[in-house]
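Read the structure below first, then the notes.
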Amino acid sequence: MQALISDIHGNRAALESVLRDIEARHADKIYCLGDIVGYGPDPEACIDLVMARAQWSLMGNHDYALLHGPKGFNPLAAEVIRLTADRMRGRTPANTETCPHAAQGNCAACLAIAQPPSARWQYIESLVASHREADVLYVHGSALDPTFEYVYPDRCGPVWSPPRICELLNAIPWLAFCGHTHIPCAIASDLSCHYPQDGANLIRLDPQRKYIVNLGSVGQPRDGDPRASYVLFDERERTIEWRRLPYDIAPVAARIEAMCGIGSWCAKRLWTGQ
């Protein structure tokens, strides 16, 4: 069984909550679909955790911006990327806060920051845009633009584009997993959209249809539910299960405000899942 995570965005507390649940569910592989950094206060720790726990990670648009500059980003998101780049290059002190359980020596989901800055930077540089296993494609954005394209479902009316969705479905083998929008959903080849927040968090996939499945976001959900989101994919049973995990938002929001300013929307949106 695969555990699929995406859009961590420097939110260590949310990631640790997800990793604990993944361990409890006995998933044998963890794949990350990108955006380890951005918005949140703990990019170094999140990179370390992904390096330690995931089989691989893809390049998200925020990871790409860390390397090449935040072109086209809103001013606050761009400033966080610049701060992260300065920290990771050693121009400003890195966040060295360790896990509160580390002294006990028995925390299976998290670890103290241990990687040298150069190892983290090299890891981000090594990320690829897409990954395929048999008839399953993994991207951050879309099949035709793996890093940057947003694939919105039908509830996002102004940006819902059936012709483009058909193009994207035609470009995938059977199933494509993505992130980027932070909105968990499954879009089928008949253009129907399934939303796990409607109450059915588990669906069985039809081998005669194609699907684009969005994991939602670990560190910054935007579907009105502030809990961290990730997916369990059972390849044998062809099932998808979205998992939602609570975490302590208050200290994360406080540290974002310390980084970005009091009242920062990067902090406020954590409370509402927007």
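Every number in this text was worked out from the coordinates using simple rules, so none of it is lab data. Keep in mind it's a predicted model, so treat the numbers as computed, not measured. We place every Cβ from the backbone using ideal geometry, glycine too, and count neighbours over all the protein chains shown.
Report, in deg cm²/dmol and to the nearest 500, the calculated mean residue ellipticity at 222 nm for the chain, where each DSSP H run with n ≥ 4 adds -39500 (n - 2.57) and the sum is divided by the residue count.
Working: 8 runs with 86 residues, N = 274.
For the chain, the value works out to -9500 deg cm²/dmol.
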For a Förster distance of 30 Å, can you work out the FRET efficiency between the beta-carbons of Glu79 and Asp248, rounded to the nearest 0.05?
0.75
Report the label-to-label distance for Gln122 and Cys156 in nanometres (one decimal), using points 7 Å from each Cα along the Cα→Cβ vector.
3.6
Those lysines that a straight Cα-Cα span of less than 25 Å connects to Lys210, excepting residues fewer than 8 apart in one chain
Lys29
Segment Phe148-Ala171, extension gain: residue separation times 0.36 nm, minus the distance between their alpha carbons
6.7 nm
Peptides 225-237, 138-150, 34-46, 248-260: what's the order by average Cβ count within 10 Å, highest mean first?
34-46, 138-150, 225-237, 248-260
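Calculate how large, on average over all directions, the projected area of the Cα convex hull of the range 117-274 is; give the answer in nm² to one decimal. Can you show the working numbers first?
Details: hull surface 43.7 nm².
Taking the Cα atoms of the range 117-274, their convex hull projects to 10.9 nm² on average.
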Rank by packing, highest mean first: peptides 183-193, 204-214, with packing defined as the count of other Cβ atoms within 10 Å averaged across residues.
183-193, 204-214
I'd like the Kirkwood hydrodynamic radius of the chain, using the inverse of the mean 1/r over distinct C-alpha pairs, in Å.
18.6
